[in-house]
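The values are calculated or read from the model by the stated rules, or taken from the named source; none is laboratory data. The structure presented is a predicted model; accordingly, all values stated were derived computationally and were not measured. Using ideal geometry, Cβ is built from the backbone for each residue, glycine included, and neighbour counts are taken over all protein chains shown. These area figures cover heavy atoms from the full protein model, side chains too; ligands, DNA and RNA do not enter into them. Shrake-Rupley method; radii C 1.70, N 1.55, O 1.52, S 1.80 Å.
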Amino acid sequence: MFALLPTLPYASPEKPGCGGIAILATTLTARARADGPAAFRDASFEIPCGCRAALIGPNGSGKSTLLRVLAGLTPAESGTVLIGDSSPRTGRRHIAYLSQRPHLTAYFPLKLRRLVQMGTYAHHGWLEECFHGDHAVDLALERMGLTDLADRAVHTLSGGQLQRGLIARAIVQGAEILLLDEPYAALDQSSREIIDRFLFSQRQHFTVLMATHDPADLARFDRVLEMRNHTVITQKACEGHDHRHA
C-alpha cells in the first residue's frame, strides 16, 4: 500500500485551461464557524475566466468566509460552488488562496526557496520529494523581486516580503484562480507595486478574486462583488476576459 502512495496525486487530474466561467456559486450559504451565525445566505454569482474581480464589504460581512468556501477550506452549509466544472476540493490544484494573515510556525526552519517550491506539491504524490522545478522557482523569485532573499528563513521576512513569497508560490503552482484576502494590508509601497504589476498584467490569463477595502482599487477591476445584507451583490460585471482591467 505504501508503495502506491507516491503515485497518488494530491488532487485529482483536471482538464487543462479555463473556458467560460471560472467560479460559479449558486444559492450559497455558509458559516465562519459551525456553531456561529450564517456569514451569508443564498449567494449566487459568477466570475468569467480571466476576470479581475474585487470583493468588497465592511469588516465582518463574510468576505474571508466566502474566499475560504471557494478555496474548499470551509464547507458550505447549502448551495453549490463550481471551480470550472469541478468542486473546490477536486479542483484545488488550480486554486491559490492567500489568507489575510498567513499562519506560519514561528522560527520553523523553512527557507524562502523551499516555501516557493511548495507550489509544485499539488502536482506530486503525497510522499514524493520534489527535486525538480528549480528553474521555475528561480523565475518566480525574480519576478517578485526576491532573488537575493531566496536562502533567508521565512520567519525573518517582512510582511511584504512574505506576501510576495506566497505569490511566487502561486506562480510556481501555475494556479489559474487566485483568491486573495486583502493582500495589500500593511504592505510597503515597493511590495505593492511588484504585486500590482503581476496581478494586473495583460499577459496574465488567470482569474483573480481579491477582497479589498481600498475604494481607489476598484476602478482597475473588471467585476465588483459587494457583500451586503448577508448576501453577495454584483455591482459591476465584465462581459468577458479581454484583460483591459478598466
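Looking at segment 84-136, which of the residues that are among the aromatic types (Phe, Trp, Tyr) and under 23 Å from residue 67 (Cα atoms) is modelled with the highest pLDDT?
Only one residue fits best here, namely 97.
If you scan segment 6-31, which residues turn out to be charged (D, E, K, R) and modelled with pLDDT under 90?
Step one: filter segment 6-31 for residues charged (D, E, K, R), giving 14-15, 31.
Within segment 6-31, 14, 15 meet the criteria.
Filter segment 176-206 down to residues that are closer than 20 Å to residue 63 by Cα and under 13 Å from the mean Cα position of the chain (by Cα), then give me how many there are.
To start, the set of residues in segment 176-206 that are closer than 20 Å to residue 63 by Cα comprises 177-187, 199.
Retained after the next criterion (residues that are under 13 Å from the mean Cα position of the chain (by Cα)): 177-183, 199.
Selection size over segment 176-206: 8.
(1) open to solvent by less than 60 Å² (accessible area, probe 1.4 Å); (2) over 21 Å from residue 51 (Cα atoms): which one isn't true of residue 142, the others all being true?
(1)
Which one is nearest to residue 46 (Cα to Cα), of the residues in segment 224-243 that are at pLDDT 80 or above, assigned to a strand (DSSP E or B) and open to solvent by 20 Å² or more (accessible area, probe 1.4 Å)? Step through it out loud before you land on a result.
Taking segment 224-243 first, the residues at pLDDT 80 or above are 224-235.
Filter once more, keeping what is assigned to a strand (DSSP E or B): 224-228, 231-235.
Filter once more, keeping what is open to solvent by 20 Å² or more (accessible area, probe 1.4 Å): 226, 228, 231, 233-235.
Details: 226: 13, 228: 17, 231: 14, 233: 11, 234: 9, 235: 12 Å.
This residue is 234.
Show the residue pairs that are 6+ apart or on different chains and have beta-carbon atoms under 8 Å apart, the first residue being within segment 201-224 and over 15 Å from residue 178 (Cα atoms), the second being surrounded by fewer than 16 Cβ atoms within 10 Å (Cβ to Cβ) and among the hydroxyl-bearing types (Ser, Thr, Tyr).
224/234
Kindly provide the set of residues from segment 55-69 that are hydrophobic (A, V, I, L, M, F, W, C) and buried (at least 23 other Cβ atoms within 10 Å of the Cβ), ordered by number.
Of segment 55-69, the ones hydrophobic (A, V, I, L, M, F, W, C) are 55-56, 66-67, 69.
Passing the criteria: 55, 66, 67, 69.
Got a sec? Which of 34, 3 is part of a loop (DSSP other than H, G, I, E, B), over 22 Å from the mean Cα position of the chain (by Cα), within 29 Å of residue 118 (Cβ to Cβ) and modelled with pLDDT of 60 or more?
Step by step, each of 34, 3 is checked, and only 34 is part of a loop (DSSP other than H, G, I, E, B), over 22 Å from the mean Cα position of the chain (by Cα), within 29 Å of residue 118 (Cβ to Cβ) and modelled with pLDDT of 60 or more.
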